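Okay, so here's the structure we're looking at.
None of the figures in this text is laboratory data; all of them are computed from the coordinates on show. Keep in mind the model is a prediction, meaning the values are calculated, not measured. As a convention, Cβ positions derive from the backbone with ideal geometry for all residues, glycine included, and neighbour counts pool all protein chains shown.
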Amino acid sequence: MSRSTLPRLVAALACTAGLGLGALPVAGADPAPSVPPAVVPMQPGPEQFTPGDAIRYAATHPDTAPPGANDFACRSRPGQLPVILAHGTDTTAYTDWAGLSPKLKAAGYCVFALNYGGKAGADHYGTEEMSESAVQLRDFVSKVRSATGAAEVDLVGFSQGATVTRYYINRLGGASEVRRWVGLASPSYGGAMFGAVALARAIPGGVEAVQDFFSLAVVQQMVDSPFLVGLNAGSDTVPGVEYTTIGSRYDEMIQPSSNIALHGAGATNIVVQDLCPIDMTGHFNMPYDAFSQQLVLNALDPSRTVVPECRFVPLGTNIAGVVAAANF
């Protein structure tokens, strides 16, 4: 998440009332036939090392692409596929991927990133109906494949981006066009938000108020939402794709954190603290956490696995910086 959603979210959680997203209204509806295309940022931006710094830069530099991304003349090295990055809720490709994108580029990947799910004229994205966002992603994948000549791509999604990319694979026929899917802090089965979901459901008009206060996309990501129930029905994976989730026990958004994991065939579920107990990175810091970044690289190419250095990361790292960047 980012500038506008996060500060409101933090305030709501502090009151144990705001994020009551449980009983999702139109979630899982068939995508509309005329979905506007995603925005493809093309202005290169600098590498960032914290989400707060990325948010501050993006606020004054619209249309910024993550470093190394969206070079449509790029051709992949043998054995590598183009990597498409999908951002989270109420944010942009740059704010979420300004740290990982240059590392992928340095590893030889052709990297691409889109801004999906935004209202007309918006400067932040990932707020609208998620099935329509998946249509935007599907069309962007086609554009990347056409430009690069690649038969398949690899997908990396952060937070909502993990679910949007998985919807495209599982429900829009994307399995034939995707080799590997990596979900970073994926809300695979949604979040109960420390009981706030149940609270909102118990209050008349609570869920509707949450949708008005945040967005439909936020509501669709909560535990037991019709959108997620429909997406996960039968199996949460489909044959032919390698799925990897990378999650944290200290995720501030997805509670219980076990809801990050997928259960279907072809799924590998990694918990950061199983490998590095002193890295207590949470939801908002994961795209900028060096340990988690290396896990993404390892998932994309298991033949070049590198054991990441285990370093102490305090609980709540970068949350204050994100809130400050969003407000000042």
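Just one of the listed residues (Val182, Val164) is assigned to a helix (DSSP H, G or I) and either among the polar types (S, T, N, Q) or crowded, with 24+ Cβ neighbours inside 10 Å (or both), and it is Val164. Examine region 223-246 for a residue that is in contact with a helix residue (DSSP H, G or I) (Cβ under 9 Å, 6 or more places away or on another chain), part of a loop (DSSP other than H, G, I, E, B), within 27 Å of Asp53 (Cα to Cα) and in contact (Cβ under 8 Å) with a residue 24 or more places away in the chain, and state whether such a residue exists. No - not one qualifying residue is present in region 223-246.
Which condition number does Ala325 fail, the rest of (1) within 19 Å of the chain's Cα centre (by Cα); (2) in a helix (DSSP H, G or I) being met? Ala325 satisfies all of (1) within 19 Å of the chain's Cα centre (by Cα); (2) in a helix (DSSP H, G or I) except (1).
Of the residues making up region 241-289, those that are surrounded by 18 or more Cβ atoms within 10 Å (Cβ to Cβ) and among the small types (Gly, Ala, Ser) number 6.
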